[in-house]
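**Q** Submitted below is the structure of interest, expressed as structure tokens.
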Amino acid sequence: MSVRSTNLGFPRIGARRELKQALEQHWKGALSFHQLEQIGAQLRERHWRLQQARGLDHIPSNDFSFYDHILDLSCTLGCVPRRYGWTGGPVDAATYFAMARGRQIGRDDVVAMEMSKWFDTNYHYLVPEFGPDQTFRLASTKVFDEYAHARSLGIQTRPAIVGPLTYAMIGKTVDGADYCRSSLIPGLVPVYAEIFERLRSMGADWVQIDEPALSLDLPLPYREACTAAYAQLATAAPGLRILLATYFDSLRDNAPLAFSLPVDAVHIDLCRGSGQANTESNDLERLLEEALALVGSKTLSLGLIDGRNIWRNDLAASLKHIEWAVARLGADRVMIAPSCSLLHTPVDLEGEDQLDRQVKRWLAFAIQKLDEIATLAKGVNRGRVSIAAALAESDAVVEDRRTSARIHDPRVQQRLRDIAPSMKARSSSFVERNPVQRSVLNLPLLPTTTIGSFPQTAVIRKARAAFKRGEMDEAEYRDQMRAEIRDAIDRQHRLGLDVLVHGEAERNDMVEYFGEQLEGFAFTGNGWVQSYGSRCVKPPIIFGDVSRPRPMTVEWTTYAQSLTRKVMKGMLSGPITILQWSFVRDDQPRRMTSRQIALAIRDEVADLERAGIRIIQIDEAALREGLPLRRADWKRWLDGAVDDFRLAACAVEDRTQIHTHMCYSEFNDIMPAIAAMDADVISIETSRSHMQLLDAFVDWRYPNEIGPGVYDIHSARVPTVDEMVALLRKARSVLTDEQLWINPDCGLKTRDWPEVEQALANMVAAAEVVRKESSTAPAQLFPASARR
Ligand SMILES: CN1c2c(nc(N)[nH]c2=O)NC[C@@H]1CNc1ccc(C(=O)N[C@@H](CCC(=O)N[C@@H](CCC(=O)N[C@@H](CCC(=O)O)C(=O)O)C(=O)O)C(=O)O)cc1
Ligand SMILES: N[C@@H](CCS)C(=O)O
Ligand SMILES: [Zn+2]
């Protein structure tokens, strides 16, 4: 009788981003799909063996993906949108990647599936599309192939699959389909049942069904469909045990539902739901007690090792909780696990030689987290004495972090105390400052601009890599980046854009770049985390009080402004985005950290204005994504986010125009907060939703200016002039011409110059068409037809 050590998922990208390199080679035609598959198989084997070597009792399979595990699931369930021309049979690689990235070969021009944020993470999934007569059938053998692959290596795995409740909830209806997506769940169940039965026949003893949707507010039809679905799944494959994995928040009112389902084990997140996230404060002990009260005869999987953060586990505290559960349930009914899949953490801390040694000692990445799980299991099963050294080291780390002088900066604390309400308000209202800005900026009607970044070419990346390796000196690096900025400005002049950007060539990433320059942050050499497909980020680590020792962007921006008579937009990342896309300290409320970041950004805003920059964009790309999963928590979070944005932005005079940008945003529910941010201009993602997102701005009579994205930068597809004109006409039917800006959906760093130039030329041409229309038929202020 022993407690089992388990894992819910391992990062698939590879410690050195091997999968990224292979995918991009494959897409370039330099690597066959067969070769790509071999690299995938090597990565899977390596990751399984890592887990096997640590003696994990349950090792997941099917956590690997060539692009996205939800896309894999759509293929598995035969949910392939008609436009990809799939005719049945196993979904082939070309169709799979067309779904992920779109396809543009001659006249064959098919857009990609929509990407959206996976709950409140920075991981993006491809949104399942459900048509009017949607049916499901098994259409991929991936889950079986991976199970068989592991078995051929002598490794018994626990196949992991996202469950029917979550799949239905995170998808969208298309082509006029008009039903509640919960009605799809009964049709999904037979396919899951077939999968389970086949896995059982292959020798599987456990399967893991991920249902993070159980952390959301669940409408009644979903709850009912969930109950009915699991009643059927429980009998689908007798002998195959089911672990129901919930994560990203505590279960709250869904706890009775989750624990009532006829499964063998339930996994709960004891990190995210216990007060560290943007949620109402829950304490771990209360969550555990609640689960113990509801668990009945099931096994309880304790998500004690944080899958969303990189802090080393407090082993003594975890042991206490595990022992508590064991005392109540018995060892064989307790599993130790990460809070969620380790997909959201970097792979390996070893080799992070640039990290400060003291900070490094405080951290654990995915591999180190596996060690922690194994150590905890050993400590419970064989007694604390068997892990005495690990416990002593863990205690020492807890104490070192708690008392470190590097964390607490009295000057920052004083600045926080000195924040006055006046620092969070512009001197005048939008209506008053708008004419001042118009006369200073002197822009044409419907001004064109871009969101900030231009292609991060191989040349730029190579130069930065050489600079970081010490093979290029600072002067040469600066000259090269300046040359890139000059080039970006020349191209914008040629294209005829109105408000220019410097292109962000000098930035590795819009968050990491700022993290590298702020006190209180540490950054890694290889701490990559998958964001979508082959794209990764290296979230910086906020370990202490944050401050800005010196200006971060002023030199680059003023250099760029010196090269043009047009207006140069300064470009900053906002406090919430920096918070969301970093690994955040867990020893103080997140809000305290974001306020410190806001003060640092405020200083930068003031310096940019002082240096003559007339438009400053503060990107809050992650504001919507950071919204807590439960509505009950929204107000507190939004109030804080708006407050932080205003603290960062309101350092300027009326004449300085503040822009903000948000990508992948669904605004209907948060319009009052967007309005309260009081940015002079907001640019948003709207092209994939065909301007539908504008409804929210119209319904709420949003008075400030808006740049609804007119082309989707996530695809290599070049939009035509006509397409963009059509979108702009839609925008003009609901917004005034004075309100409207013309820009892409998001930054262009992931694209190549030829497609960017073509797309922007088309965008400028579209602007001209619409300006002509505007001179003959001005748009109405909130025409009645546009109101709901
Ligand atoms: C806007 N988005 C962002 C999100 N999160 C962020 N933190 N940043 C964002 O911009 N979330 C939502 C969206 C979409 N998400 C992404 C995420 C990632 C990318 C992206 O393009 N990532 C790049 C890596 C960027 C980076 O860190 N570059 C570094 C290192 C470059 C590199 O690979 N160098 C090579 C050597 C150079 C060579 O020889 O070629 C190496 O180190 O091996 C840099 O520029 O210095 C990616 O490639 O994945 C986009 C949107
Ligand atoms: N300024 C950033 C925003 C991305 S969300 C960019 O253009 O890449
Ligand atoms: Zn964006």
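All of the numbers you see were taken from the coordinates with simple rules; none came from a lab. Note that the coordinates shown come from a computational prediction; the quantities given were computed from them, not determined experimentally. Quick reminder, even Gly has a Cβ in these numbers, built from the backbone with ideal geometry, and neighbours come from all protein chains shown.
**Q** Cα to Cα, under 16 Å, and not fewer than 8 places away if on the same chain: which lysines meet these conditions relative to Lys378?
**A** Lys320, Lys369
**Q** Which of the aspartates and glutamates could a cross-linker bridge to Lys298, judged by Cα under 13 Å and excluding same-chain residues fewer than eight apart?
**A** Asp264, Asp332
**Q** Same structure again: Provide the FRET efficiency to the nearest 0.05 for the Arg384-Leu292 pair, computing r from the beta carbons and using R0 = 25 Å. Don't jump to the answer; show the numbers that get you there.
**A** On the way: r = 22 Å, r/R0 = 0.86.
The value I calculate is 0.70.
**Q** Something else: Please list the equivalent ellipsoid semi-axes of the range 423-480, computed as the square roots of five times the alpha-carbon gyration tensor eigenvalues, in descending order and whole angstrom.
**A** Each semi-axis is √(5λ); the values are 41, 16, 11 Å.
**Q** What angle do you read, to the nearest 10 degrees and between 0 and 90, between the alpha-carbon axis of helix 185-202 and the longest principal axis of the chain?
**A** 50
**Q** Between the range 104-160 and the range 18-59, how far is it from one alpha carbon centroid to the other, in angstrom?
**A** The range 104-160 and the range 18-59 have Cα centres spaced 16 Å from each other.
**Q** Same structure, new question: Quick one: grab the alpha carbon gyration tensor of the range 1-90, order the square roots of its eigenvalues as a ≥ b ≥ c, and give me rounded if a/c is under 1.5, else prolate or oblate depending on whether a/b is larger than b/c.
**A** Verdict is oblate for the range 1-90.
**Q** What length, rounded to one decimal in nm, is gained on full extension from Leu416 through to His34, with 0.36 nm per residue of separation minus their alpha-carbon distance?
**A** Result: 131.9 nm gained on full extension.
**Q** Counting only C-alpha contacts under 8 Å and six or more residues apart, can you give the relative contact order of the range 579-695 as a whole percent?
**A** The normalised contact order for the range 579-695 reaches 28 percent.
**Q** For Lys772, list the lysines whose Cα falls under 28 Å from its own Cα; do not include residues on the same chain fewer than 8 positions away.
**A** Lys566, Lys569, Lys730
**Q** In whole percent, what relative contact order does the chain give with Cα contacts below 8 Å and a gap of six or more residues?
**A** About 12 percent, as a whole number.
**Q** Calculate the length of the line joining the C-alpha centroid of the range 660-700 to that of the range 213-232, in whole Å.
**A** 30
**Q** Quick one: angle between helix 388-403 and the longest Cα principal axis of the chain, in degrees between 0 and 90, rounded to 10, please.
**A** 30
**Q** Separate question: Could you tell me the largest-minus-smallest coordinate of the C-alpha atoms of the chain on each of the three principal axes, in descending order and whole angstroms?
**A** That gives 77, 63, 50 Å along the principal axes, largest extent first.
**Q** Under the classification rounded if a/c is under 1.5, otherwise prolate if a/b is larger than b/c and oblate if not, where does the range 581-631 fall, given a ≥ b ≥ c as square roots of the Cα gyration tensor eigenvalues? The partial results should precede the final answer.
**A** Numbers: a/c = 3.51, a/b = 1.78, b/c = 1.97.
Oblate, because a/c is 1.5 or more while a/b does not exceed b/c.
**Q** Calculate one ³J(HN,Hα) per residue across the range 754-768 by plugging θ = phi - 60° into the Karplus curve 6.51 cos²θ - 1.76 cosθ + 1.60, and present them in order as whole Hz with x for glycine and proline.
**A** x, 6, 5, 5, 5, 5, 6, 4, 5, 5, 5, 4, 4, 4, 5
**Q** In nm, what is the difference between 0.36 nm times the number of residues separating Asp178 and Ser152 and their Cα-Cα distance? Can you show the working numbers first?
**A** Details: separation 26, 0.36 × 26 = 9.36 nm, distance 4.55 nm.
My answer for the length gained is 4.8 nm.
**Q** In terms of the Cα gyration tensor, with a ≥ b ≥ c the square roots of its eigenvalues, is the range 159-282 rounded because a/c is under 1.5, prolate because a/b exceeds b/c, or oblate?
**A** Since a/c reaches 1.5 but b/c is at least a/b, the shape of the range 159-282 is classed as oblate.
**Q** For Arg486 and Arg550 in one chain, what is 0.36 nm times their gap in residues minus the Cα-Cα distance, to one decimal in nm? Could the numbers behind the result be given before it?
**A** Numbers: separation 64, 0.36 × 64 = 23.04 nm, distance 2.43 nm.
My answer for the length gained is 20.6 nm.
**Q** Enter the angle in degrees (range 0 to 90, nearest 10) between the Cα long axis of helix 33-53 and the first principal axis of the Cα atoms of the chain, meaning the one along which they spread out most.
**A** Helix 33-53 and the main axis of the chain meet at about 50 degrees.
**Q** State, to one decimal in nm, how far the label point of Asp695 lies from the label point of Lys635, with both points 7 Å from Cα in the Cβ direction.
**A** 2.6
**Q** Work out which chymotrypsin sites (Phe, Trp or Tyr not before Pro) in the chain are exposed loop sites (DSSP not H, G, I, E or B, at most 15 other Cβ within 10 Å) and give the longest gap free of them. The partial results should precede the final answer.
**A** Details: sites that count: Tyr179, Trp700.
The answer is 180-699.
**Q** Only bridges with both residues in the chain count here: give the DSSP antiparallel percent, nearest 5.
**A** Bridges in the chain that DSSP calls antiparallel: roughly 20 percent.
**Q** Please give, to one decimal in nm, the separation of the simple spin-label points placed at Lys566 and Glu224, each 7 Å out from Cα toward the Cβ.
**A** For Lys566 paired with Glu224, the spin-label model returns 5.7 nm.
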